[in-house]
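Novice: If you scroll down you'll find the structure; I have some questions about it.
The values are calculated or read from the model by the stated rules, or taken from the named source; none is laboratory data. Computed from a predicted model, the values in this text were never measured in an experiment. Here the Cβ positions follow ideal geometry from the backbone for every residue, glycine too, while neighbour counts run over all protein chains shown.
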Amino acid sequence: MSFKIMPKAALPDWVTWLKNRYRVVGPTARQGQYVFAEIASPDELVLDYPTSVLPPKKYLLPQRETLFTFDAQSMQMKANIEWEPTVILGVHTCDMHAIRLLDKVHATGYTDQHYQAHRQHTTLVSIECLSPCMEHSFCKSMGTLTVPEDYDLHLTDLGDSYGVDVGSEKGEALLQGFTAIWDPTSEDYQRINKVMAEKWPRFSYRLNFDVTELPDLLALSNNSSLWNELGDICLGCGQCTKVCPTCYCFDVRDEVDLSLTKGERTRTWDSCQIDRFATVAGGHNFRSTRALRNRHRFMRKGKYHLEAYGLIGCVGCGRCAAACLVHITPVDTFNELYRRHKKGELLEEAKQA
Amino acid sequence: MSAKPKVAFFEFTSCEGCQLTVVDSLQDHPELLDAVEIVQFREAISEKGEDYAIAFIEGSCSRPSDEPKLQAIRQQAAIVVALGACAHLGGINAIRNRMPLQEVREYVYGDRAEWFETYEPRPIKDVIKVDAVIPGCPIDRREFIKAVTHLLQGRMPFIPDQPLCMECKLKENICVYTRGKVCLGPITLAGCDAICPTYGDGCEGCRGLIANPNIEAMRQVMHEHGLTDEAIDAKLSMFLTNQIMALEEAG
Ligand code: SF4
Ligand code: SF4
Ligand code: SF4
Ligand code: SF4
Ligand code: SF4
């Protein structure tokens, strides 16, 4: 829509200004890592953070959420649809792609009212990544190093100022009445072009093949022995899925109070990597081994989502790789499948099955 | 409600910390006393009613003479609940189960070893049928209240079988492995709200193992983080001796 310049010196005032109107959340430091949290004072905000432990998804799909409350005596049920006008500051482009996928998932079929309520009242301020956030990220390979069009505002660090792309009316509203912001000069345009040109070579392609080949590669891998090898070392701890910006599986439970009259139905993030996840009524577990569960995760990330929603299920943020205590990573997994494929092993294993 | 279920508490080899947690939860949730009638609870009341439907048993069974007492409880109670790590797993008491019993007795009781009756501490379920477990050392008070609520609803207390890492990550804790510590979270049953990692310590496994834990991979992780084989054995024996010995036996 438009492009503006905000001097960095004005950022604290802007954050304070936003805080008077919205709940403002953004990356903050915690014990050597970073987490998205409510910004109590502008100096807590760290916009040049590497990555966060959990993705900002938690504001759209909270870790635990009450879906409705009920009263068994009066036979009343009350939907619990909560929202708070929220600005999320500093969303990296990979996470923006993930939110795009989540938007699609939660608007397809039965739309998820709870997600929608959070989402409609959330304004996303994304930020351009100018160098790789950590050793495990592979956004360039996944095509997520540029921001998708869903941003409300998009920031680019220009040294002593931020370039501010306005992407929507919601974004524009964050600037309305804030005066320490101006139209770019030709010098500013030169600067942003330079920053954007310089950033690209700092990132490397970490997949040994083009990502468009990934779904076919996975289709061939159904019977690969690699899944058993991963299953042998995987702990089934679920961390990889808990930290993933595109995971959205949850578990639903009812709890009542001691008087057995009032209660609530809640949902909590679940994980396809834990043992009981695929256990159905009667006790049958249709993904009873860690090998099957690993295969399922990587199929979802590299193939199933694309087929169902037209968007790839992994945005290359690298969080799962960083969290995994036994070093199972999407990059190594996909590259190893590719290597075996080149040697003809995948076809061989497919035939044997 | 007139027909409040009658509840009794019993202790075997334990520190009574779990029963203290029950007393604590009564302070937070006095309405518990409207929901059940406690007929036996040495920690809090002096009466001793023998007419109970639900028995909460704290402690491991650590000597043959405990067995008839447990059987008597089983005969009376419609529902038997193991309360805490000792009753659930054999608890800390079971550390000695990898050592020769006679040596342990002599080490502890010296020349009076023969005066004291003892055998390998075991979970209550090894002696009598147990209907439900409330794990932990000590138990988690919210979980206790939840378990009682489930019993009042006429169902068995339900604790989701999932590893501690799941809860720990929900809270967005910074993994203690990145802070130079080791943690049994990946193989330990969640439900304590990951309290130890939340305060910066590794999990010691007091809630017992999840289903189908990958012990070998867990050992490998601890090894990679600098623990010797002996230190790993020690980590895995604090609360998990009996469970891991059973896994070894099963192969
Ligand atoms: S984080 Fe690693 S060990 Fe844990 S479930 Fe995921 S792949 Fe397995
Ligand atoms: S699979 Fe891993 S790298 Fe891909 S989006 Fe999820 S956490 Fe990020
Ligand atoms: S993975 Fe790439 S896009 Fe995502 S935060 Fe890291 S550098 Fe930025
Ligand atoms: S601190 Fe322990 S429980 Fe938490 S994520 Fe790390 S290993 Fe898992
Ligand atoms: S974190 Fe581990 S040791 Fe600590 S209370 Fe929970 S299960 Fe027990």
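Novice: For region A:135-173, enumerate the residues that are charged (D, E, K, R), in contact with a helix residue (DSSP H, G or I) (Cβ under 9 Å, 6 or more places away or on another chain) and either farther than 17 Å from A:Ala10 by Cα or not assigned by TED's automatic domain parsing to the domain that holds A:Arg119 (or both).
Specialist: A:Glu135, A:Lys140, A:Glu149, A:Asp150, A:Asp152
Every residue, every condition in (1) surrounded by 17 or more Cβ atoms within 10 Å (Cβ to Cβ); (2) more than 16 Å from ligand 5 (Cβ to nearest atom); (3) assigned to a loop (DSSP other than H, G, I, E, B); (4) charged (D, E, K, R), yes or no:
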position: A:Thr246; (1), (2), (3), (4): yes, yes, yes, no
position: A:Arg297; (1), (2), (3), (4): yes, yes, no, yes
position: A:Arg300; (1), (2), (3), (4): yes, yes, no, yes
position: A:Glu307; (1), (2), (3), (4): no, yes, no, yes
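Novice: Same structure, new question: Can you name the number of the only condition in (1) away from every other protein chain (no Cβ under 11 Å); (2) more than 18 Å from A:Ile274 (Cα to Cα) that B:Gly200 fails?
Specialist: B:Gly200 satisfies every listed condition except (1).
Novice: Got a number for residues in region B:27-53 being within 14 Å of chain A (Cβ to nearest Cβ) and of a type in the set (Gly, Ala, Ser)?
Specialist: 1
Novice: With respect to A:Gly344, is the statement that it is away from chain B (no Cβ under 14 Å), over 16 Å from A:Trp227 (Cβ atoms) and over 20 Å from the mean Cα position of the chain (by Cα) true?
Specialist: yes
Novice: Right, another one. Scanning region B:128-161 for residues that are buried (at least 23 other Cβ atoms within 10 Å of the Cβ) and in a loop (DSSP other than H, G, I, E, B), which turns out nearest to the other protein chains (Cβ to nearest Cβ)?
Specialist: Among those that are buried (at least 23 other Cβ atoms within 10 Å of the Cβ) and in a loop (DSSP other than H, G, I, E, B), it is B:Pro135.
Novice: Evaluate region A:3-25: report whether one residue or more is within 14 Å of chain B (Cβ to nearest Cβ), within 16 Å of ligand 3 (Cβ to nearest atom) and in contact (Cβ under 8 Å) with a residue 24 or more places away in the chain.
Specialist: No.
Novice: Across region A:258-271, what is the total count of residues that are at the interface with chain B (Cβ under 7 Å from one of its Cβ atoms) and charged (D, E, K, R)?
Specialist: Number of matching residues: 0.
Novice: State yes or no: is A:Leu346 more than 16 Å from ligand 3 (Cβ to nearest atom), hydrophobic (A, V, I, L, M, F, W, C) and surrounded by 19 or more Cβ atoms within 10 Å (Cβ to Cβ)?
Specialist: Yes; evaluated as a whole, the condition is true for this residue.
Novice: Between A:Leu61, A:Leu54, which is among the hydrophobic types (A, V, I, L, M, F, W, C) and within 10 Å of chain B (Cβ to nearest Cβ)?
Specialist: Testing whether each residue is among the hydrophobic types (A, V, I, L, M, F, W, C) and within 10 Å of chain B (Cβ to nearest Cβ) leaves just A:Leu54.
Novice: Can you list the helices (runs of 4 or more DSSP H) lying wholly within region B:1-101 that have 3 or more residues being surrounded by fewer than 23 Cβ atoms within 10 Å (Cβ to Cβ)?
Specialist: In region B:1-101, the matching helices (runs of 4 or more DSSP H) lie at B:17-28, B:32-35, B:66-76.
Novice: Right, here's the next one. Is it the case that A:Asp232 is charged (D, E, K, R), surrounded by fewer than 18 Cβ atoms within 10 Å (Cβ to Cβ) and more than 9 Å from chain B (Cβ to nearest Cβ)?
Specialist: Here the answer is no, as A:Asp232 does not meet what is asked.
Novice: So A:Ser74 ticks every box in (1) of a type in the set (Ser, Thr, Tyr); (2) within 14 Å of ligand 3 (Cβ to nearest atom); (3) not in a strand (DSSP E or B) but one. Which box is left unticked?
Specialist: (2)
Novice: Of all residues in region A:68-125, which are of a type in the set (D, E, K, R), more than 21 Å from A:Val25 (Cβ to Cβ) and over 16 Å from the mean Cα position of the chain (by Cα)?
Specialist: Within region A:68-125, A:Asp71, A:Lys78 qualify.
Novice: Would you confirm whether or not region A:94-101 contains a residue that is hydrophobic (A, V, I, L, M, F, W, C), within 16 Å of ligand 2 (Cβ to nearest atom) and either touching a strand residue (DSSP E or B) at 6+ places or on another chain (Cβ under 9 Å) or not assigned by TED's automatic domain parsing to the domain that holds A:Lys8 (or both)?
Specialist: yes
Novice: Which residue pairs have Cβ atoms under 7 Å apart, sit 6 or more places apart or on different chains, and have a first residue in region A:133-156 that is within 14 Å of another protein chain (Cβ to nearest Cβ) and a second that is in a loop (DSSP other than H, G, I, E, B) and more than 9 Å from ligand 3 (Cβ to nearest atom)?
Specialist: Every condition considered, the pairs that remain are A:His136/A:Thr329.
Novice: While we're here: Look at region A:87-127 and say how many of its residues are surrounded by fewer than 19 Cβ atoms within 10 Å (Cβ to Cβ) and of a type in the set (S, T, N, Q).
Specialist: Matching residues across region A:87-127 total 5.
Novice: Tell me yes or no: at least one residue of region B:186-194 is touching a strand residue (DSSP E or B) at 6+ places or on another chain (Cβ under 8 Å), modelled with pLDDT of 95 or more and at the interface with chain A (Cβ under 8 Å from one of its Cβ atoms).
Specialist: yes
Novice: In this structure, does A:Tyr59 turn out to be surrounded by 15 or more Cβ atoms within 10 Å (Cβ to Cβ) and closer than 27 Å to A:His305 by Cα?
Specialist: yes
Novice: With touching a strand residue (DSSP E or B) at 6+ places or on another chain (Cβ under 9 Å), within 14 Å of another protein chain (Cβ to nearest Cβ) and among the aliphatic types (A, V, I, L, M) as the only criterion, which of A:Ile328, A:Ile274 stands out?
Specialist: Within the list A:Ile328, A:Ile274, the selection yields A:Ile274.
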